[in-house]
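Written out below as structure tokens is the structure these notes cover.
The values are calculated or read from the model by the stated rules, or taken from the named source; none is laboratory data. Being a predicted model, the structure only gives us computed values, none of them experimental. Glycine also receives a Cβ, built like all others from the backbone with ideal geometry; neighbour counts cover every protein chain displayed. When the accessible area is computed, the model is the full protein with side chains, heavy atoms only, and any ligands, DNA or RNA have been set aside. Shrake-Rupley method; radii C 1.70, N 1.55, O 1.52, S 1.80 Å.
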Amino acid sequence: MNYIVFDLEWNQSPEGKEAEHPLLPFEIIEIGAQKLNEQLDPIDAFHAIIKPVVYKKLHPCTKEVIGITEKDLVCGRTFSDAGREFLAFCGKEYIFATWGSMDLTEFQRNLSFFQINNALPFPLFYCDVQKLFSLTFEDGKMRRSLEHAVEALEIPLTEVFHRADHDALYTARILKRIRPELIKTHFSVDYYRTPRSKKEELHLRYPDYYKYVSRKFINREEAMADKTVTALRCNICGRALRKKVRWFSGNNRIFYALAECPEHGYVKGKLRVKKNDCGDTFVVKTVKMTDTAGAEKIRSILEEIRKKHRERSERSEN
């Protein structure tokens, strides 16, 4: 099993969002990748500059950040050719590694736009090196820039940033510093393609939490009426739990709940309602243990929301 550490650079509409193509907000203009073996040593590399066909002029921010000129792009290859060659470069058995989740999303979005068959496995598991860096060297919650991580680990600055091949190289060097057991136990899952049926729903168990990715629903209300979506189980023993605080939300996108396992203590749930590129609603639920302070925090969030609702109600009556 090899690791494909890759990075993308992309362009967007130079005329702003009103001139943006709805199916392609970001057009890939460069792909860079490092192929690593199981020992995380480099064994091959890939690089391609791509000639844009949707946003032919560079956005001012893109032009300022990356080291590619419009003259370079004119001599680039088509995404169809570069994308297919990159997939062939990946081989048959591999796992992607990226800095954050956006590169996988935009790569698949470009595949779809240019009508290239998305033959990537489903579900698509990958290594989010940004998250792994935080879990290894920080608090597990902070999400740092690639430049910060390179500086923090004192990795030699041999190349400029914001070129796809250079950033892929730096990401690979950071991955080499991550403990192998952490890479295997704290994998990430891509949400660009979501489960199409109940049979495809994902129930993922990590050392310290449980994650559920639902099938598609018509809307948020249908999702929240589903018993699997709203169930809370202890992520240690799997026991079904009665909720002490039922699911609530202040913004209709993120919901919280609280229960207590008689054997393992408080269990908190976080539920995010999302939409995929097709406009389908799906849910990502995480369940993990918490302490008394964590339980009180959830209760205080609920009380603050109730307080705001009361204040709005009083204002409307006056």
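Here are some notes:
- Given K57/K141; K141/K198; K244/K274; K17/K63; K56/K141, the pairs whose alpha carbons are separated by over 28 Å: K57/K141; K141/K198; K56/K141
- Computed log₁₀ I(q)/I(0) - Debye formula, equal Cα scatterers, no solvent, segment 1-139, q 0.22 Å⁻¹: -1.41
- Extending 7 Å from Cα along the Cβ direction at M142 and again at F187 yields two label points whose distance is 2.9 nm.
- Computed from backbone phi, the HN-Hα couplings of segment 147-155 come to 4, 4, 5, 4, 5, 4, 8, 6, 7 Hz, rounded to whole numbers (Karplus: 6.51 cos²θ - 1.76 cosθ + 1.60, θ = phi - 60°; Gly and Pro given as x).
- Pairs with C-alpha atoms separated by more than 19 Å, drawn from the list K92/K211; K211/K297; K211/K275, are K92/K211; K211/K297.
- Percentage of interatomic Cα-Cα distances in segment 20-72 larger than 16 Å: 54
- Our estimate of slack between R253 and L204, defined as 0.36 nm per intervening residue step minus the Cα-Cα distance, is 15.5 nm.
- In order along segment 138-143, the Karplus-derived 3J(HN,Hα) couplings, from 6.51 cos²θ - 1.76 cosθ + 1.60 at θ = phi - 60°, round to 10, 8, x, 10, 5, 10 Hz, and Gly and Pro are given as x.
- Sulfur and carbon atoms: percent of accessible area, the chain [1.4 Å]: 49
- Surface per residue (accessible, 1.4 Å probe) for segment 47-132, Å²: 48
- Choice from K57, K274, K307 showing the highest fluctuation, given a GNM over the chain with Cα pairs closer than 10 Å: K307
- K244 long-range amide H proximity, modeled H, under 5 Å: L258, A259, E260
- Gaussian network model of the chain, Cα within-10 Å springs - most flexible of K176, K17, K211: K17
- Other-chain or far-sequence residues with amide H under 5 Å of L153's (modelled H): none
- For the chain, the convex hull drawn through the C-alpha positions has a volume of 179 cubic angstrom per residue.
- Per-residue ³J(HN,Hα) for segment 159-173, Karplus 6.51 cos²θ - 1.76 cosθ + 1.60, θ = phi - 60°, Hz, x for Gly and Pro: 9, 6, 7, 6, 10, 4, 5, 5, 5, 5, 5, 5, 4, 5, 5
- Computed over protein heavy atoms with a 1.4 Å probe, the accessible surface of segment 197-278 works out to 58 Å² per residue.
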